[in-house]
Amino acid sequence: MKKIGFCLLFLMCFLVTGCGKETEADLLNKLDKKINDGKGYVLTGDLEILNNDDIYNYEVETAYKKDNYYKITLTNVSNDHEQVILKNDDGVYVLTPSLNKSFKFQSDWPYNNSQVYLLQSIINDIENDSEKTFKEKDSNYIFTSSVNYPNNRDLVNQKVTFNSKLELQEVVVLDSDEVPNLTLKVKNIDYNPSFKDNYFDLEEIMSTVSIEETMETAAINDVIYPLVLPEGTMLTNEEKINMTEGERVILTFSGDKPFLLVEETTKAMDEFTVIPTMGEPYMFMDSLGILADNSVSFTSNGIDYYLVSDVMNQDELIEIANSINVLPTMK
């Protein structure tokens, strides 16, 4: 009897200690249910973006309502410039309240590539990677998986950290040299938010935003040149044009990979304006812009930039656009 009692005690200890330890699959299943079984969530955090040795910091608020409503508010810490990515029944928008305008996209965003500030995207990337890794460290769960950034192929992996309560703590997106390019540090996640009926309405969002000052400018005091040029390509012409309101500079680059760069003073709209556009929302330096098949456009420090080429691909256009420095440089 003593022998039987000892065996039963041993078996019970094994069941408590051995079977009580959650597996990688268990954790992913719980995370998936936590996100997808609820009505939505609100995430707040700090996002750091590395671009050509420059660091840009944003305050992020992600609001998601099941099944297809998203509102991502990005506020540049250095200048309080706020932009909003909105998806509702009418489409996908990038709102720039300081300019009283919004671009409307016919886009599959956010499902067409990874999104560092969306829980669904983070979990999907982990679940879809058959070679993902998992470890426990300091009472945290850490997953490493591949990512899908088709317009930035340098970004290859993400390291995602959850605490013991399966609360997201940090997401770090790494390039091929394992250098962090995107780092999201989560402040809070509310899995039971209450949204007003018009919370994801375009007009309602614009009417509730408080704008202290606009980004508009009247003159281009310093022409900004790209720091990166394709081999065999050079600046061959520069033309400055005075407009009714503001100025425009047209830079022509000729050679093996010719392109046109237009810089124009930014003007806020008198009335809220929605501008239909082709392409996808994309982060350029310190603001959200538009990435199309053969062009990119964005606004930075009161200047609208438009870059177009008939021969360069999107990767090349992005590289040039992200090299346009905020300080004037020599030609």
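The values are calculated or read from the model by the stated rules, or taken from the named source; none is laboratory data. Because the structure is a prediction, the values reported are computed rather than measured. For neighbour counting, all protein chains shown are included, and Cβ atoms are generated from backbone atoms with ideal geometry for every residue, glycine included. Each accessible area value is taken on the protein alone, full model and side chains, heavy atoms only, with ligands, DNA and RNA left out. Shrake-Rupley method; radii C 1.70, N 1.55, O 1.52, S 1.80 Å.
When the alpha carbon coordinates of the stretch 226-327 are projected onto the principal axes, the ranges are 44, 30, 24 Å, largest first. Helix 24-36 against the longest principal axis of the chain: what's the angle in degrees, Cα atoms only, rounded to the nearest 10? Roughly 60 degrees between the two axes. A simple spin-label model places the labels of ASP293 and GLU136 5.2 nm from each other, with each point 7 Å out along Cα-to-Cβ. Surface composition of the chain: carbon and sulfur make up 48 percent of the accessible area, probe 1.4 Å. When the stretch 248-299 is described by a simple charge dipole with +1 on each Lys and Arg Cβ and -1 on each Asp and Glu Cβ, the residue from MET283, PHE253, THR265 located farthest towards its positive end is PHE253.
A Förster distance of 51 Å, applied to the separation of the beta-carbon atoms of ASP37 and GLU239, puts the FRET efficiency at 0.30. With the simple spin-label model, which puts each label point 7 Å out from Cα in the Cβ direction, the ALA25 to SER176 separation comes to 3.5 nm.
For GLU131, the solvent-accessible surface with a 1.4 Å probe is about 150 Å², rounded to the nearest 10. Lysine pair count for the stretch 129-274 with Cα-Cα distance under 17 Å and sequence separation of 8 or more or different chains is 8.
Sorting the segments 121-130, 192-201 by their residues' average number of neighbouring beta-carbon atoms within 10 angstrom, most packed first, yields 121-130, 192-201. Using the average count of surrounding beta-carbon atoms within 10 Å as a protection proxy, the listed peptides 32-40, 294-302 rank, highest first, as 294-302, 32-40. Each residue was assigned an accessible area with a 1.4 Å probe, and for LEU31 the value is about 0 Å². Per residue, the chain exposes an accessible area of 54 Å² to a 1.4 Å probe, with every protein chain left in place. The charge dipole of the stretch 219-331, taken about its Cα centre with unit charges on the Cβ atoms of Lys, Arg (+1), Asp and Glu (-1) only, comes to about 200 debye. Straight-line reach from LYS39: taking Cα to Cα under 14 Å and skipping same-chain neighbours fewer than 8 places apart, the aspartates and glutamates in range are ASP67, ASP190, ASP197. In whole Å, what is the distance between the alpha-carbon centres of the stretch 229-296 and the stretch 130-178? When both Cα centres are located, 35 Å separates them. TYR111 sits with roughly 130 Å² accessible to a 1.4 Å probe, with DNA, RNA and ligands left out of the calculation. Using C-alpha pairs below 8 Å separated by at least 6 residues, the relative contact order for the stretch 27-178 is 12 percent. Taking N as the residue count of the stretch 58-199, its C-alpha radius of gyration divided by 2.2 N^0.38 Å amounts to 1.11.
Legend: residues ILE303, ILE275, sorted from most to least accessible area (1.4 Å probe; ligands, DNA and RNA excluded), read ILE275, ILE303.
Entry note, the chain: relative contact order of 15 percent, from Cα contacts under 8 Å with a spacing of 6+ residues. Relative to the Cα centre, the charge distribution of the stretch 18-73, modelled as +1 at Lys and Arg Cβ and -1 at Asp and Glu Cβ, gives a dipole magnitude of about 540 debye.
Ranked by the mean number of other Cβ atoms within 10 Å of their residues, highest first, the peptides 168-178, 44-54 fall in the order 168-178, 44-54. The Cα-based radius of gyration of the chain, divided by its Kirkwood radius, gives an Rg/Rh of 1.08.
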